[in-house]
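Notes follow once the structure below has been shown.
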Amino acid sequence: MSSTGATVVTRGVHAERSLRGRTARALWIWALLIAGSFAAGAILHALGVLSIDHLPPLHGHFRVPALTLLPAAAFGGAAVLFLPVLAARLGFRRALLVSYGCALAWTVLLAISADGLAAPLTHPQDYLAVLPEVGDDPLGWLASFTRHLPDYPTHVRGHPPLPVLVLWSPAALGLSGPLWAALLVVAVGCSATVAIALTVRELGGERAARRALPYLALTPASVWIATSMDAFFAGVGAWGVALLVLGGRGRIARRAGCGAGAGVLLGALPYLSYGLVPYLLIPVVVAVVARVPREAVLTALTGAVAVTAAFAAAGFLWPAGVLATHAEWAADPGAARPYLYFLFANLGVLAMLTGPATAAGLTRPGPGGVRAVVAAAVVAVLALDVSGVTRGEVERIWVPYALWIGLAASLAPGRRWPAAQVVTGLLLQGLVLSPW
C-alpha cells in the first residue's frame with residue numbers, strides 16, 4: 001500500500017472513532033436527560049411543588065408491566081427483523097403500505113395491552129364529552145365557542161374548536177362512540193409514516209426514505225399515538241408538508257390540487273392546536289430545501305387563507321380564541337408548574353418519544369434535506385418549550401414534532417437501533433399509566 005493510501009485509511013479510522021465517540025456522548029446525554037428529569041421531578045413531587053403530576057415529567061402513574069404487553073413485544077421483535085428488509089427490497093409503494101400496516105399494528109397492540117384503544121377518549125375532560133353541546137348545529141356551536149369556553153372540559157378549553165368538529169363529523173354520519181373516534185385518530189396518526197417518507201424521498205432520495213420507514217413505523221411516540229388527538233394533528237401536519245412538496249412536481253392540475261390540499265391542511269393546524277403554530281416552520285424549510293415552485297407556494301397560501309376566512313365567517317376569530325384559552329390556562333393549576341424544571345424536563349420527554357436511535361443519529365452525517373427538516377422540528381420544539389405555555393403534559397403535545405425529529409434515527413449506523421426503539425416503546429407502555 002502506498003503512503004497516500006495508508007494516510008487515507010488512517011484518516012478514515014480516526015474519523016470513524018471520532019463519530020463513535022460522539023455517538024457515545026450523545027447516548028449518555030440522552031440517558032442523563034431522562035434520568036435527571038425523573039430525579040428532579042420526584043424531588044419536586046415529594047416537596048408538594050408538583051402535586052398534580054405523580055410521575056413527573058410525565059403526567060401519569062408508575063405501573064408494573066402486565067403480560068398483556070407480550071403480543072406487542074412479539075410483534076415488535078418480528079418487525080425489527082423483517083421490516084427493514086421489506087422496506088429496502090419491496091417496490092416503494094408496497095414498502096409504504098407495509099410500513100403503514102406495521103405502524104397501525106404496533107400502535108394498536110400497544111394500546112390494547114393497557115385499557116384498550118378507545119379508553120383515553122372516554123375521559124370526562126376529553127373532546128367527546130362536549131359533543132352533546134354541538135348537537136345538530138355545529139356552526140352555531142362554533143360561533144359561540146369562545147363565549148362558552150369556561151363551561152367546557154379541560155382539553156376543549158385548551159384548544160381551538162376544530163378537534164371537536166373533527167370528532168363530531170363521524171358521529172353525525174352515524175359512527176358515534178369512542179371506538180370510531182379512536183380508529184379515526186390512529187388511522188390518521190399512523191399515516192404520518194407514509195407522508196413523512198414521501199417528503200424524505202423528495203428531500204434526500206428514495207434510499208433515505210426507505211431507511212426512515214422502520215423508524216417511523218416503530219417510533220416510541222406510538223405509545224401516545226394511541227390514542228390522543230395530537231396523533232391526528234401529526235397526520236394532518238405531515239400530509240400538509242408532503243402535499244406541499246408533491247405540489248412542485250408533475251402537471252399543472254396536480255400542482256394546483258396538491259398545493260391547495262397542502263394549504264388547507266397546514267392552514268387548519270392553528271385551528272387544531274395553538275401549540276402547532278411553530279410547526280409551520282417545518283413546511284417553510286421543506287419548501288426552501290425542495291425548491292417548491294412559487295405557484296405551488298402561492299396556491300398553498302391561498303388554501304390556508306381560505307381556512308382562516310371560513311372560520312372567521314362562521315364566527316370564530318383565532319386571536320380571540322387564543323386570548324380566551326390563555327385566560328383559562330392562567331387559571332388552571334398547570335400554570336403554577338415550575339417553569340425552569342419543565343424547561344429541561346420537557347426535553348427529557350422529547351428524548352423518550354424519539355428514542356436512543358435518534359440521539360445516535362443526530363451525531364451522524366446524512367442527506368442535507370433530511371437534516372434540515374430535523375433541525376426545523378427541533379427549533380420549533382425549543383421555541384414552544386421556551387414560551388412556557390407547555391409546562392408538562394407534553395408527551396402528547398410533542399408527538400407531531402417527534403415524528404420529524406425521529407428521522408435522525410435513520411442516520412444511526414447498524415441494525416440494532418430499530419430494536420432499541422421498540423424496547424423504548426415497550427418500556428414506556430409497560431411502566432407508565434398515562435391518561436392518553
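The values are calculated or read from the model by the stated rules, or taken from the named source; none is laboratory data. These figures come from a predicted structure and were not determined experimentally. Because the Cβ atoms are built from the backbone with ideal geometry, glycine has one as well, and the counts that use them run over all protein chains shown.
General remarks:
- The sole residue among V289, V305, V284 that is closer than 28 Å to A327 by Cβ and of a type in the set (A, V, I, L, M) is V305.
- Test: residue in the stretch 116-138 that is under 19 Å from L269 (Cβ atoms), buried (at least 17 other Cβ atoms within 10 Å of the Cβ) and at pLDDT 95 or above: no
- Filter result (closer than 19 Å to G174 by Cβ and either of a type in the set (F, W, Y) or under 22 Å from the mean Cα position of the chain (by Cα) (or both)) within the stretch 123-157: Y127, L128
- Pairs with Cβ under 9 Å, 6+ apart, first in the stretch 403-415 and touching a residue at least 40 places away in the same chain (Cβ under 8 Å), second among the aromatic types (F, W, Y) and outside any helix (DSSP H, G or I): I405/W398
- Selection over the stretch 121-142 of residues that are farther than 22 Å from T308 by Cβ and small (G, A, S) gives a count of 2.
- Restricting V108, V64, V98 to those that are of a type in the set (A, V, I, L, M), surrounded by fewer than 21 Cβ atoms within 10 Å (Cβ to Cβ) and at pLDDT 95 or above reduces the list to V98.
- Between L266, L280, the distinction of being assigned to a helix (DSSP H, G or I) and surrounded by 24 or more Cβ atoms within 10 Å (Cβ to Cβ) belongs to L266 only.
- Any hit, the stretch 426-433, residues being in contact with an Asp or Glu (Cβ under 9 Å, 6 or more places away or on another chain), buried (at least 20 other Cβ atoms within 10 Å of the Cβ) and either polar (S, T, N, Q) or modelled with pLDDT of 95 or more (or both): yes
- Residue in the stretch 252-259 that is crowded, with 21+ Cβ neighbours inside 10 Å, under 19 Å from the mean Cα position of the chain (by Cα) and within 15 Å of A195 (Cα to Cα) present: no
- Test: residue in the stretch 420-428 that is of a type outside the set (S, T, Y), over 24 Å from G275 (Cβ atoms) and in contact with a Ser or Thr (Cβ under 8 Å, 6 or more places away or on another chain): yes
Conditions tested, residue by residue: (1) exposed (fewer than 13 other Cβ atoms within 10 Å of the Cβ); (2) among the hydrophobic types (A, V, I, L, M, F, W, C); (3) touching a residue at least 60 places away in the same chain (Cβ under 8 Å).
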residue: T23; (1), (2), (3): no, no, yes
residue: S37; (1), (2), (3): no, no, yes
residue: A40; (1), (2), (3): no, yes, yes
residue: H45; (1), (2), (3): no, no, no
residue: G48; (1), (2), (3): yes, no, no
residue: D53; (1), (2), (3): no, no, yes
residue: P57; (1), (2), (3): no, no, yes
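- Being touching a helix residue (DSSP H, G or I) at 6+ places or on another chain (Cβ under 8 Å), without any contact (Cβ under 8 Å) to a residue 60 or more places away in the chain and over 23 Å from V241 (Cα atoms) is a property that P356 lacks.
- Residue that is farthest from A119 (Cα to Cα), among those in the stretch 139-171 that are surrounded by fewer than 15 Cβ atoms within 10 Å (Cβ to Cβ) and touching an Asp or Glu at 6+ places or on another chain (Cβ under 9 Å): H148
- Residue list for the stretch 283-294, restricted to those being basic (K, R) and either surrounded by 16 or more Cβ atoms within 10 Å (Cβ to Cβ) or in contact (Cβ under 8 Å) with a residue 40 or more places away in the chain (or both): R291
- Test: residue in the stretch 122-142 that is of a type in the set (G, A, S) and either touching a Leu at 6+ places or on another chain (Cβ under 6 Å) or under 30 Å from V194 (Cα atoms) (or both): no
- Answer from G406, G361, G334 - the residue that is crowded, with 20+ Cβ neighbours inside 10 Å, under 30 Å from A66 (Cβ atoms) and not hydrophobic (A, V, I, L, M, F, W, C): G406
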